[in-house]
Amino acid sequence: MASGVRSITLSLGLGAFLVLNGAFAADPAGSTGKLVRLRFSDPAQLEALNTSGQYEVVEVKGDRAIAIQHPAPTAGKLAAVLAKRVSLAEAGVAGLETVLENVDDQLAQFRAQGNVGKYHTYASALAELADLCSNYPNLLKSESIGKSYEGRDLMAVRLTGSAGLEAEKPKVLIFGLMHAREWISAELPFYLLRYLLTNYGKDPEATKIVDNLSIYILPVSNPDGLEYSQTQFKMWRKNRSPQDGGTGVDVNRNFTVGFGAGSSDYVDSDVYHGKAPNSELETRAFCSLFEREKFIASLSFHSYSELVLYSWGKDTSLPPDAVELTKRGKAMADLNGYTPGQVARILYTAGGATDDTFYQTYGAWAFTFELGTEFVPADKKIEPICKQNLPAVLLFLKTAIDSARPTTGIARQDRPKISNFFSLYDIYPLK
Ligand SMILES: [Zn+2]
């Protein structure tokens, strides 16, 4: 698998790869593309599709994949080059068939309702965070970690219990909704927050977790994108910052490590990586927070595919801590029933994503859950999906306290001390 993916990436040549790679973002006023299903026999075929300029692979299960096939540009030199690349990529797959004529129909239920069902809007997310802070003043404090392009706060809360010295507590970060259309990814942070707050002082495990850690929770990492997705164009993925010739950067391709690999140089692409690493306000807000807090672990939520993901996304080589990452990933996946694996090996190349940078640059155990089986599940599925994932998230928190640390990242002497005063890792060792 590794050699196949690598060879196609290299054989395309850097210039072509950067210019043409990635899927086109749809025109908000027009068709958003088809949802298609296909079979592949070599990961290189999937990579070729995903970087063809017209497909966006959204789900991989074994030898089957689901992708969005965006409308092709109809005129000009680019259209001709793309058509050739797309047909070459399509030649490698079998059983290519349309599942849904317009992928936006996945969200028809919400369009019909004229609202977002039980999902949070940006405004309701802010309101709930404020409510929780005022109801639990001793446990919870809010902090804006930065602003979006349109001036919205990236609002986080810090949760920690009354026991132990706060300065000694290891810090972890949990965040959701970096991709605008993945609404379910903002719901699990809220579910976790409510679970820990209401069980603190009652349930021994929840109490220990909250007392041992400083848990930063940021439910909405891309507020402008969420707002746009819920009011204008539901399949929007990127942020809303103006770019030369277009709008929006895929924030999860804008981080430093692996920048440019498996992402697009084309501004209208859904996986446009931005002008340069850290060009986006959201990216810089995350990096500043990491520099200040030195998180020892991070967990992000995306949708969809029922996966537990970890580094590398940038390529299929093994990271220095592959054994430990695999052990932790598998332990969490055992609890939520998802499939664990390295991003570039079980999905596709995704450089410039959060996990690689949080792991390599900041030395955090960085994981991502791809929640559920669709971008925006019916809102009656919010609760079951959150419930299914809660034990895995709790395991993430319990094992964060482990004194084992990545071999990469910030210098050892700069790492936060792990006081481990309740020795949670001894109570919950990974097998
Ligand atoms: Zn995502």
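The values are calculated or read from the model by the stated rules, or taken from the named source; none is laboratory data. Please read all numbers here as calculations on a predicted model, not as lab measurements. A quick note on method: Cβ atoms are made from the backbone with ideal geometry, for glycine too, and the neighbour counts reach across all protein chains shown.
Considering each residue of the range 161-191, count those that are over 19 Å from the mean Cα position of the chain (by Cα) and within 16 Å of the ligand (Cβ to nearest atom), and give that number.
The total comes to 0.
Can you tell me which residue in the range 67-77 is nearest to the chain's Cα centre (by Cα), limited to those that are surrounded by fewer than 21 Cβ atoms within 10 Å (Cβ to Cβ) and touching a residue at least 12 places away in the same chain (Cβ under 8 Å)?
Pro71
Suppose the filter is surrounded by fewer than 17 Cβ atoms within 10 Å (Cβ to Cβ), part of a helix (DSSP H, G or I), away from the ligand (no atom under 16 Å from the Cβ) and assigned by TED's automatic domain parsing to the domain that holds Leu218; does Glu324 pass it?
Numbers: surrounded by fewer than 17 Cβ atoms within 10 Å (Cβ to Cβ): no; part of a helix (DSSP H, G or I): yes; away from the ligand (no atom under 16 Å from the Cβ): yes; assigned by TED's automatic domain parsing to the domain that holds Leu218: yes.
Here the answer is no, as Glu324 does not meet what is asked.
From Lys238, Lys275, grab the single residue that is part of a loop (DSSP other than H, G, I, E, B), in contact (Cβ under 8 Å) with a residue 40 or more places away in the chain and not hydroxyl-bearing (Ser, Thr, Tyr).
Working: Lys275 fails: in contact (Cβ under 8 Å) with a residue 40 or more places away in the chain.
When all the criteria are applied, what remains is Lys238.
Considering the range 285-295 alone, what residues qualify as being touching a Leu at 6+ places or on another chain (Cβ under 9 Å) and not in a helix (DSSP H, G or I)?
Of everything in the range 285-295, just one residue is touching a Leu at 6+ places or on another chain (Cβ under 9 Å) and not in a helix (DSSP H, G or I), namely Phe295.
Can you tell me which of (1) closer than 26 Å to Ala167 by Cβ; (2) outside the structural domain of Ile145 (by TED's automatic domain parsing) is the one Glu205 doesn't meet?
(2)
Can you tell me how many residues within the range 36-79 are more than 19 Å from Leu307 (Cα to Cα) and either in a helix (DSSP H, G or I) or assigned by TED's automatic domain parsing to the domain that holds Val267 (or both)?
Of the residues in that region, 8 qualify.
Could you check, for the range 139-160, whether at least one of its residues is touching a strand residue (DSSP E or B) at 6+ places or on another chain (Cβ under 8 Å), of a type in the set (Ser, Thr, Tyr), surrounded by 15 or more Cβ atoms within 10 Å (Cβ to Cβ) and over 25 Å from Val251 (Cα atoms)? Even if it seems obvious, please write down each step before you answer.
Quick first cut of the range 139-160, residues touching a strand residue (DSSP E or B) at 6+ places or on another chain (Cβ under 8 Å) only: 139-149, 153-160.
From what's left, of a type in the set (Ser, Thr, Tyr): 142, 144, 148-149, 160.
Okay, now just the ones that are also surrounded by 15 or more Cβ atoms within 10 Å (Cβ to Cβ), so 142, 148-149, 160.
Within this subset, residues satisfying the condition of being over 25 Å from Val251 (Cα atoms) are 160.
The answer is yes, given that some residue of the range 139-160 is touching a strand residue (DSSP E or B) at 6+ places or on another chain (Cβ under 8 Å), of a type in the set (Ser, Thr, Tyr), surrounded by 15 or more Cβ atoms within 10 Å (Cβ to Cβ) and over 25 Å from Val251 (Cα atoms).
Name the single residue, out of those in the range 46-60 being crowded, with 24+ Cβ neighbours inside 10 Å and of a type in the set (A, V, I, L, M, F, W, C), that is farthest from Val103 (Cα to Cα).
Ala48
When you check Glu282 against the structure, is it assigned to a helix (DSSP H, G or I) and over 20 Å from Arg152 (Cα atoms), yes or no?
Taking the combined requirement at face value, the residue does not satisfy it.
Can we say Gly313 is part of a loop (DSSP other than H, G, I, E, B) and either closer than 20 Å to Ala400 by Cβ or among the basic types (Lys, Arg) (or both)? Full working, then the answer.
Details: part of a loop (DSSP other than H, G, I, E, B): yes; either closer than 20 Å to Ala400 by Cβ or among the basic types (Lys, Arg) (or both): no.
In short, no.
Looking only at the range 192-235, count how many residues are β-branched (Val, Ile, Thr) and within 16 Å of the ligand (Cβ to nearest atom). Let's see the steps before the verdict.
We begin by selecting, within the range 192-235, every residue β-branched (Val, Ile, Thr); these are 198, 207, 209-210, 215, 217, 220, 231.
Of the ones still in play, those that are also within 16 Å of the ligand (Cβ to nearest atom) are 220.
Number of matching residues: 1.
Is the range 259-272 home to any residue that is more than 16 Å from the ligand (Cβ to nearest atom), in the same structural domain as Glu128 (by TED's automatic domain parsing) and at pLDDT 95 or above?
Taking the range 259-272 first, the residues more than 16 Å from the ligand (Cβ to nearest atom) are 259-261, 265-268.
Imposing the further condition that a residue be in the same structural domain as Glu128 (by TED's automatic domain parsing) reduces the set to 259-261, 265-268.
In the following step, the residues that additionally are at pLDDT 95 or above were identified as 259.
Scanning the range 259-272 turns up at least one residue that is more than 16 Å from the ligand (Cβ to nearest atom), in the same structural domain as Glu128 (by TED's automatic domain parsing) and at pLDDT 95 or above.
Would you say Arg158 is in contact with a Lys or Arg (Cβ under 8 Å, 6 or more places away or on another chain) and within 16 Å of the ligand (Cβ to nearest atom)?
Details: in contact with a Lys or Arg (Cβ under 8 Å, 6 or more places away or on another chain): yes; within 16 Å of the ligand (Cβ to nearest atom): no.
So Arg158 does not fit the description; no.
Determine whether the range 352-365 contains at least one residue that is of a type in the set (A, V, I, L, M, F, W, C), within 16 Å of the ligand (Cβ to nearest atom) and either without any contact (Cβ under 8 Å) to a residue 40 or more places away in the chain or in the same structural domain as Glu166 (by TED's automatic domain parsing) (or both).
Yes, the conditions are met somewhere in the range 352-365.
Given the criterion within 16 Å of the ligand (Cβ to nearest atom) and not hydroxyl-bearing (Ser, Thr, Tyr), identify the matching residue among Leu318, Leu299, Leu281. First the steps, then the outcome.
Numbers: Leu318 fails: within 16 Å of the ligand (Cβ to nearest atom); Leu281 fails: within 16 Å of the ligand (Cβ to nearest atom).
Sole residue among the options that is within 16 Å of the ligand (Cβ to nearest atom) and not hydroxyl-bearing (Ser, Thr, Tyr): Leu299.
When you check Ser305 against the structure, is it within 16 Å of the ligand (Cβ to nearest atom), in contact with a Lys or Arg (Cβ under 8 Å, 6 or more places away or on another chain) and part of a helix (DSSP H, G or I), yes or no?
Numbers: within 16 Å of the ligand (Cβ to nearest atom): yes; in contact with a Lys or Arg (Cβ under 8 Å, 6 or more places away or on another chain): yes; part of a helix (DSSP H, G or I): no.
When the stated conditions are applied, Ser305 does not pass them.
Just to be sure before I move on: is Gly248 among the small types (Gly, Ala, Ser), on the phi > 0 side of the Ramachandran plot and touching a helix residue (DSSP H, G or I) at 6+ places or on another chain (Cβ under 9 Å) in the structure I sent?
Yes; evaluated as a whole, the condition is true for this residue.
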